[in-house]
1. Only one residue in Gly275, Gly310, Gly321, Gly334 is at positive phi and out of contact with any Lys or Arg (no Cβ under 9 Å at 6 or more places or on another chain), so which one is that?
2. Of the conditions (1) open to solvent by less than 70 Å² (accessible area, probe 1.4 Å); (2) closer than 28 Å to Asn297 by Cα; (3) without any contact (Cβ under 8 Å) to a residue 60 or more places away in the chain, Arg322 clears all except one; give me its number.
3. Can you spot a residue in the stretch 111-123 that is part of a helix (DSSP H, G or I), touching a residue at least 40 places away in the same chain (Cβ under 8 Å) and open to solvent by 30 Å² or more (accessible area, probe 1.4 Å)?
4. Does any residue in the stretch 26-40 that is of a type outside the set (Gly, Ala, Ser) come within less than 7 Å, Cβ to Cβ, of a residue that is surrounded by fewer than 15 Cβ atoms within 10 Å (Cβ to Cβ) and in a helix (DSSP H, G or I) six or more places away or on a different chain, and which pairs are these?
5. Filter the stretch 358-416 down to the residues that are surrounded by fewer than 15 Cβ atoms within 10 Å (Cβ to Cβ) and among the β-branched types (Val, Ile, Thr), then identify the one that is nearest to the chain's Cα centre (by Cα).
6. Just give me the residues in the stretch 117-143 being in contact with a strand residue (DSSP E or B) (Cβ under 7 Å, 6 or more places away or on another chain), farther than 22 Å from Leu168 by Cα and at pLDDT 85 or above, in sequence order.
7. For the stretch 325-357, give me each residue that is assigned to a loop (DSSP other than H, G, I, E, B) and either of a type outside the set (Ser, Thr, Tyr) or open to solvent by less than 30 Å² (accessible area, probe 1.4 Å) (or both).
Amino acid sequence: MSLKAFLKTRYGNGLRSRAAIENHHQRAFVRFRREVMPRSPFYADYANTALSALPRMNKQKLMDHFSAINTCGIDREKAFDIAIQAEQSRDFSPMIGDVSVGLSTGTSGQRGLFLATPRERRLWAAILAGRFWPNLAKPQRVAFFMRADNALYRTLGNPLLRFEFFDLLDPLEKHLSRLQDLSPTVLIAPASILKILADAQNAGQIAVSPRRIISVAETLSPDDRNIANQAFGRQIDEVYQATEGVLAFTCPAGNLHLNEAWMRIERDIIDPQSGAFCPIIHDFTRQSLLLLNYRLNDVLIPDPSPCPCGSACTRIARIEGREDDALWWHGPTGRKMVSADAIRTTIACLPSPITDYRVIEKNNQLTVWLDGAAPTSETELHHAFSSLATRLDVTVPPLTIRHGLPCETDFKRRRIRIETSP
C-alpha cells in the first residue's frame, strides 16, 4: 500500500478550488508525458500532443489497440487467455509476471481487459483504505461480494485486514453462514446484493454489524440505499468503479465526487437541460494500460451545489446508467431525455407499493414489469406515466404492463434499459 497516497486520502485537505484542480492536473500531465507515454508504442508519438487532439478512445478501440497501448509488452490474446481461464477455473491468482489481469463484461456485455501493476495495486488500495478504513487501531474483516476476484482487490489485505472474497457465481444462500461467521467490519457488494443481504438481515437469517458498507459495480438507487440503511443502521457509501478505474466515491459528508485528485474527467454533455454528461477520462496514475481521451458511455448528473466536505472535485447528484439505456420520449420540440431518476420516483410514488420493477424499451415500445404489485397498480402506473409525460411535455410510448420480473442473464442489474433487436 502506498503510505503517501493513504495519508493524502485520509488526512489531506483535498483540492479546494477548480484552479487548484487544474494546476494539479497540469503538473501531473507534464510528468506523465515525459515518463510514461514514451513507453507505450501507441502513444510514444503523441507525447507532445494536446489532450483534446489525442485519438478518442472507447472500450472497443482500447481493446483493438490493447497490445500497442499497454506499456508492459503484454499481448492482448495472451491476456484474454489468462483472464478467461481464471473466470472458468475461479482461480484468480495467475498473473503475467507481476501484472494482474482482469476480465470485465460491464453492463454492455462487451468484453474488456484491465491490467494492474504492483504500483497501481498499492495506489488503489491506499485510496480506498484511506477513505473507508473504519479504525486504524483495530483489525478489520472485509467481506467482498463480486463476480471475480483479482490481485488488485487482494492488495487491501494486510496483517490488520482480513479480506474474504464471496463469489457471486455461487448461490447466495451458500454465503450467508460464512458471512455470519466472518462478522465483517466492512461489507462491499453490488447494490442488488446489498438489497438481498438487507432482506436477509431483516428476516433474521443473518445478524451482522459492519462499520462500513460500500456499494460497488451497480447504480445504487435511493430505494435500495434506504433499505440497506435501515437494515444495517449505517450510511451506505458508494464507489463508482469501472474497468477504467475508480471514477468517484462518497466523501465524509456522504456525497459522490469525481476522483479528480487522480484523474482528469471532462464532460461530453448529452442533455443541456439537466447537465447530463458522459465522462471523458485522462488518467495520469495508470501506467500499465493508458487511458487518455477515453469516453465512457455512463451518464452522470452533476450537482452544482458546494459540498459540506469542502472538496472542489465535481459533485455528482446521481449516476443515471448507460447512455444507450437513457429513455428519450418524443415531444413537440423533438426528443427529450426522461431520466432514470424520474422513472424511479414515479414508480416509487405509486399509491400501491410494489416489490421490484423493470422498465424496458424496445422498438419504441415500453414494457414495465411489476413484481409484487396490487391489482390497482396497472391503472395507477398508466396515470403516473401520463402525468410525468405531461410535466415533461412528451408522449408516453405504447405501454405494456406485465407482472413478475423478466428472465435476466446480465450480472449487473439494470432496472431501466433499452434493448435492441438482434
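1. Residue meeting the stated conditions: Gly334.
2. The failed condition is (3).
3. Scanning the stretch 111-123 turns up at least one residue that is part of a helix (DSSP H, G or I), touching a residue at least 40 places away in the same chain (Cβ under 8 Å) and open to solvent by 30 Å² or more (accessible area, probe 1.4 Å).
4. Met37/Ala44; Pro38/Ala44
5. Thr409
6. Matches in the stretch 117-143: Thr117 only.
7. The first filter runs over the stretch 325-357 and keeps only residues assigned to a loop (DSSP other than H, G, I, E, B), leaving 326, 332-333, 339, 349-355.
If the condition is that a residue be assigned to a loop (DSSP other than H, G, I, E, B) and either of a type outside the set (Ser, Thr, Tyr) or open to solvent by less than 30 Å² (accessible area, probe 1.4 Å) (or both), then Ala326, Pro332, Ser339, Cys349, Leu350, Pro351, Ser352, Pro353, Ile354 are the ones that fit.
Every residue, every condition in (1) open to solvent by 10 Å² or more (accessible area, probe 1.4 Å); (2) within 17 Å of Glu244 (Cβ to Cβ); (3) not β-branched (Val, Ile, Thr), yes or no:
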{"residue": "Pro41", "(1), (2), (3)": "yes, no, yes"}
{"residue": "Thr49", "(1), (2), (3)": "yes, no, no"}
{"residue": "Glu87", "(1), (2), (3)": "yes, no, yes"}
{"residue": "Asp91", "(1), (2), (3)": "yes, no, yes"}
{"residue": "Leu103", "(1), (2), (3)": "yes, yes, yes"}
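The values are calculated or read from the model by the stated rules, or taken from the named source; none is laboratory data. A quick note: this is a predicted structure, and the numbers were derived from the prediction, not measured. Glycine also receives a Cβ, built like all others from the backbone with ideal geometry; neighbour counts cover every protein chain displayed. Keep in mind that these areas ignore ligands, DNA and RNA; they rest on the heavy atoms of the full protein, side chains included. Shrake-Rupley method; radii C 1.70, N 1.55, O 1.52, S 1.80 Å.
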